[in-house]
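The values are calculated or read from the model by the stated rules, or taken from the named source; none is laboratory data. Treat the numbers as computed from the prediction; the structure is a model and nothing was measured. Every residue, glycine as well, gets a Cβ built from its backbone with ideal geometry; the counts of neighbours run over all protein chains shown.
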Amino acid sequence: MRLTSLLLFSLFAWGTLDLATAPTGPVSRAASNPAAAASYTVDPTHSNVLWKVKHNNASYFYGRFAKFSGSFTFDEKKPGDCEVLMEVDAASVDTRTSMLDKHLRSPDFFDAVQFPTLIFESTDVAKGKGKNMYSVTGRLTVHGVTKPITFDLEHTGDGKGRDGPVIGFHTSFTIDRTKFGMNYGLGGIGKKVEIIISVEASQD
């Protein structure tokens, strides 16, 4: 099953980040799958990619990515046939404070000019623990660094949109930003960042 951006990132249960090096290289679309696996495209209007980090060791600070795209295939009877792809525009980081947004786009953090896209591409999907839960493994690329990651994904429901069937998923996982080469401000900004992703997608 191929799920950005953030979903960054922010893109819930806690994910497990393997620190081994994984293959790099962005991808542009989900691969084709057997007919039984339906294809979906993420609706950015009804989806969110958020992130959460500790500030001054006191409070949690939240932000989001305003621009992202995603596609995936899904067959609940054959999760191994599913694929997920998510791409997030690093320059779309949004904290509701323009000065802070500019700093986050700079080389101190995302370096959005040099590394414009955050990418998640799945390599395996399996049934998870609990109803409507799945375990997703794949490659997460942030700040030009790619790491393997596994997280729990909840199938939150199915419905009918204006143009046909829609489906929803929700996940959260935590990364260590220093493992992706983002070391600025460790005295006041936590190194652990939770990515929160909730998507609604339309069947193709």
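Here is a check on your reading of the model: is Gly138 modelled with pLDDT under 95 and either aromatic (Phe, Trp, Tyr) or under 28 Å from Arg105 (Cα atoms) (or both)?
No; evaluated as a whole, the condition is false for this residue.
Could you tell me which of the residues Ala20, Ala31 is hydrophobic (A, V, I, L, M, F, W, C), at pLDDT below 95, over 25 Å from Lys191 (Cβ atoms) and in a loop (DSSP other than H, G, I, E, B)?
Result of the check over Ala20, Ala31: Ala31.
Take Asp176 and tell me if it is among the acidic types (Asp, Glu), at pLDDT 95 or above and touching a Lys or Arg at 6+ places or on another chain (Cβ under 8 Å).
yes
For region 153-165, indicate whether the set of residues that are within 19 Å of Trp51 (Cα to Cα) and out of contact with any Cys (no Cβ under 9 Å at 6 or more places or on another chain) is non-empty.
Yes, region 153-165 has at least one match.
Scan region 103-158 residue by residue and report those that are charged (D, E, K, R), surrounded by fewer than 17 Cβ atoms within 10 Å (Cβ to Cβ) and under 24 Å from Ser202 (Cα atoms).
Selection gives Asp124, Lys127, Lys131, Asp158.
Among the residues of region 175-204, which ones are assigned to a strand (DSSP E or B) and surrounded by 22 or more Cβ atoms within 10 Å (Cβ to Cβ)?
Ile175, Val193, Glu194, Ile195, Ile196, Ile197, Val199, Ala201
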